[in-house]
Amino acid sequence: MGDRVVRTARSLGLSEADAEGLRGAYLLGMEARGRTLDDDHDPRFLHPGRSALVALEDGGVRDPETLALIQVLDTWD
């Protein structure tokens, strides 16, 4: 899912550095989930990336800081 976020961000015009920054935010969100979720098939594993994709594709969000925060804040559950 993290790779998909990066590919989508690039395809929508974000710079390489900004797209890779989104990967870092995704990994940060996933690290916290990995510590708290027992089942790696739990749908909540998809949410940081999925939230960023919805913001990019449906919401038209292009600000990399906002997109990074979306992935991290989605992890606050």
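The values are calculated or read from the model by the stated rules, or taken from the named source; none is laboratory data. All figures in this text were calculated on a predicted structure; none of them were measured in a lab. Cβ atoms come from the backbone with ideal geometry, glycine included; neighbour counts cover every protein chain shown. Just the protein is used for accessible areas: all its heavy atoms, side chains included, with ligands, DNA and RNA removed. Shrake-Rupley method; radii C 1.70, N 1.55, O 1.52, S 1.80 Å.
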- Task: For the range 24-77, enumerate the residues that are assigned to a loop (DSSP other than H, G, I, E, B), more than 23 Å from Leu12 (Cα to Cα) and either open to solvent by 30 Å² or more (accessible area, probe 1.4 Å) or charged (D, E, K, R) (or both).
- Result: Asp38, Asp39, Asp40, His41, Asp42, Trp76, Asp77
- Could you please tell me which pairs satisfy a Cβ distance under 6 Å, a separation of 6+ or placement on different chains, a first residue in the range 1-18 that is touching a residue at least 24 places away in the same chain (Cβ under 8 Å), and a second residue that is part of a helix (DSSP H, G or I) and open to solvent by 50 Å² or more (accessible area, probe 1.4 Å)? Gly2/Arg23
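In the range 1-23, how many are among the polar types (S, T, N, Q) and part of a helix (DSSP H, G or I)?
If we filter the range 1-23 for residues that are among the polar types (S, T, N, Q), which is where we start, we get 8, 11, 15.
From what is left, the residues that are part of a helix (DSSP H, G or I) are 8, 11.
Within the range 1-23, residues that are among the polar types (S, T, N, Q) and part of a helix (DSSP H, G or I) number 2.
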